There are 2 protein chains.
Amino acid sequence: MIQKVVMIGAGNLATQLSLALHENGIEILQVYSRTVESAKALAEKLNCKYTISVKEIEKNADLYVFALSDKALQPILDGLPVPIGKVVHTAGSIPVDIFENYTKIYGVFYPLQTFSKERKVDFSDIPICIESNNMEFQENLIALAKRISKSVHLISSDQRKQLHLAAVFTCNFTNHMYCIGQKLLEEKDVDFELLKPLILETAQKALQLNPLSAQTGPAVRFDEEIMSSHEKALENTPDFKKLYSFVSESIYKMHKSK
Amino acid sequence: MIQKVVMIGAGNLATQLSLALHENGIEILQVYSRTVESAKALAEKLNCKYTISVKEIEKNADLYVFALSDKALQPILDGLPVPIGKVVHTAGSIPVDIFENYTKIYGVFYPLQTFSKERKVDFSDIPICIESNNMEFQENLIALAKRISKSVHLISSDQRKQLHLAAVFTCNFTNHMYCIGQKLLEEKDVDFELLKPLILETAQKALQLNPLSAQTGPAVRFDEEIMSSHEKALENTPDFKKLYSFVSESIYKMHKSK
């Protein structure tokens with residue numbers, strides 16, 4: 001069983017995940033981060049030790065969770081004393097076997113969600129994608145994931161990479177559409193509050209109906225008059241105009257071929 | 001006061017709006033639609049008359065609501081007996097003065113939301129944008145809107161057009177991102193259910209935090225390694241690949257300049 005965890009990283013995901021584990025009876029032994037500021041901030045929330053030196057990472061943990069940006073993972077692995085015990089990373093697009101030259105038993109613990117330090121999330125609905133090179137360890141990871149979430153899944157590295165890509169579209173790109181909406185309203189002195197019920201309903205509708213059949217608006221109707229009037233309104237923001245044309249075309253094509 | 005309404009149109013918006021008015025004590029006298037099928041379907045829900053002939057539209061209504069696609073509005077106006085009484089349309093991008101050659105008192109009653117026939121919406125949070133050429137009628141429209149919604153706003157034609165454009169980005173384009181996410185998961189046999197908590201959280205987060213500061217993912221970090229691996233994964237769907245590059249670039253540019 002996994003009881004004692006060292007958290008490598010203190011960013012958005014590391015913060016939210018370690019808090020969720022802590023609240024569900026898992027002991028976070030230590031937090032490692034590259035800066036004292038972030039290591040200390042998270043360690044204080046968890047009431048645990050912290051370090052900024054890889055050499056001082058605790059040796060006796062049941063699990064080392066690497067919750068780092070993809071770029072940071074490899075250099076930190078290279079700096080670690082070997083062997084390092086049982087490890088997981090939390091990344092969408094990194095194959096599980098990145099660990100194979102560093103330790104014997106390893107896996108992935110990927111919570112599919114968007115995390116910000118300042119917004120607490122309820123882990124119980126977050127899908128956690130598990131993968132491992134070792135059957136027993138995999139079972140332990142599943143048990144650990146089930147302590148914090150009702151939605152635990154065995155997902156291969158190949159599937160996980162695709163999930164991450166799909167998440168970029170449905171989360172980051174969607175959020176960018178919200179940003180553009182906000183900028184457009186600012187131009188005409190209209191409160192962004194007016195868009196909020198629409199943002200929420202669009203999401204809730206996609207949870208109930210198939211998003212393909214739920215599509216509305218000028219592009220799916222191919223209403224050229226509105227589309228060209230919208231493009232004209234975007235003359236001063238050529239990037240938004242290009243994006244408008246391109247996404248409208250993509251909507252129309254997808255619906256024509258459905 | 002507005003008590004008796006004729007609904008011109010029987011599409012998604014006409015259906016949801018007339019049901020909301022009906023449930024809040026407004027009498028829908030009649031439904032007009034171009035096809036018997038849709039006119040009858042809505043009239044049955046409202047327990048009222050219907051017609052498919054513009055000549056047979058009731059003469060004694062307090063208000064005629066034109067809830068039609070933008071393309072359909074002009075030809076129907078041209079076919080109507082003149083004068084037609086007090087009218088509103090429900091469109092985002094049509095100026096209020098489209099009515100000026102047809103009647104004396106007119107306005108706009110624009111509920112800013114996405115509507116589907118098969119999904120009932122709670123009108124109470126939906127922003128309703130009001131505009132009129134007549135002060136007394138405008139007050140009556142505000143009173144009517146307040147019967148169904150807590151969020152009633154005076155919005156000019158110019159602002160309303162911008163709201164509609166912003167809504168296309170935050171609703172239709174966002175929904176298209178969901179569609180792409182779904183298609184990507186289908187390719188690797190991963191259940192779309194796994195994306196649903198992310199879709200909901202992305203929306204809820206934008207209601208609480210500023211979407212610009214809430215942005216996460218590879219583009220805002222400018223993580224070239226992940227972005228190029230994602231683009232490679234999209235080789236077989238060149239449209240999605242182009243969209244990926246383009247939106248990523250737009251995210252990066254917006255955040256660099258914030």
Quiz item: Taking Cα pairs under 8 Å and at least six residues apart, what relative contact order does region A:160-256 come out at, in percent?
Solution: 19
Quiz item: What dipole magnitude, in Debye to the nearest 20, does chain B give about its Cα centre under +1 on Lys/Arg Cβ and -1 on Asp/Glu Cβ?
Solution: 400
Practice problem: Can you list which of the trypsin sites (Lys or Arg not before Pro) found in region A:53-107 are DSSP loop residues with at most 16 other C-beta atoms within 10 Å? | Solution: A:Lys59, A:Lys104
Quiz item: Taking N as the number of residues in region B:160-256, what value does Rg over Cα atoms divided by 2.2 N^0.38 Å take?
Solution: 1.15
Exercise. With a cut-off of at most 15 other beta carbons within 10 Å, and DSSP calling the residue loop, which GluC sites (Glu not before Pro) in region B:166-258 qualify? Please list them.
Key: B:Glu235
Quiz item: What percent does the relative contact order of chain A come to when contacts are Cα pairs within less than 8 Å and at least six residues apart?
Solution: 12
Quiz item: Quick one: length gained pulling B:Asn60 to B:Leu200 fully straight, 0.36 nm per residue minus the C-alpha distance?
Solution: 45.9 nm
Quiz item: Rounded to a whole number of µm²/s, how large is the Stokes-Einstein D of the protein assembly as shown at 37 °C and 0.692 mPa s, given Rh as the Kirkwood radius over C-alpha pairs?
Solution: 131
Quiz item: A:Asp191: net charge of surrounding residues, Cβ under 14 Å, Lys/Arg +1, Asp/Glu -1, itself excluded?
Solution: 0
Quiz item: Say the dipole of the protein assembly as shown comes from +1 at the beta carbon of Lys and Arg and -1 at that of Asp and Glu; which of B:Leu234, B:Gly11, A:Leu29 then lies farthest toward its positive end?
Solution: A:Leu29
Practice problem: Indicate the gyration tensor shape class of region B:4-155 (rounded, prolate or oblate), computed on the Cα atoms with a ≥ b ≥ c the square roots of the eigenvalues: a/c under 1.5 is rounded; otherwise a/b larger than b/c is prolate and the rest oblate. | Solution: rounded
Self-check item: Selection of GluC sites (Glu not before Pro), region A:42-148, meeting DSSP coil and at most 16 other Cβ within 10 Å
Solution: A:Glu58, A:Glu100, A:Glu118
Quiz item: With charges only on Cβ, +1 for K and R and -1 for D and E, what is the dipole size of the protein assembly as shown about its Cα centre, in debye, rounded to 20?
Solution: 280
Exercise. Among DSSP beta bridges lying fully in the protein assembly as shown, give the percent that are antiparallel, nearest 5.
Key: 20
Quiz item: Past the 26 Å Cα-Cα mark, which pairs from B:Lys49/B:Lys150; B:Lys104/B:Lys161; A:Lys55/B:Lys256; A:Lys4/A:Lys120; B:Lys150/B:Lys253; B:Lys117/B:Lys150?
Solution: B:Lys49/B:Lys150; A:Lys55/B:Lys256; B:Lys150/B:Lys253
Quiz item: Can you give the charge dipole size of region B:1-141 about its Cα centre, rounded to the nearest 20 debye, using +1 on the beta carbon of Lys and Arg and -1 on the beta carbon of Asp and Glu?
Solution: 440
Quiz prompt | Calculated diffusion of chain A, Stokes-Einstein form, Kirkwood radius summed over Cα pairs, 20 °C and 1.002 mPa s, µm²/s | solution = 103
Quiz item: Does a label point 7 Å from the Cα of B:Ile76, set along Cα-to-beta-carbon, have any residues of region B:9-35 with amide nitrogen under 19 Å, and which are they?
Solution: B:9-22, B:27-35
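Here, each number is a calculation from the coordinates, and none is a lab measurement. All of these numbers come straight from a predicted model, not from anything done at the bench. Reconstructed Cβ throughout: ideal geometry from the backbone, glycine too, with neighbour counts over all protein chains shown.
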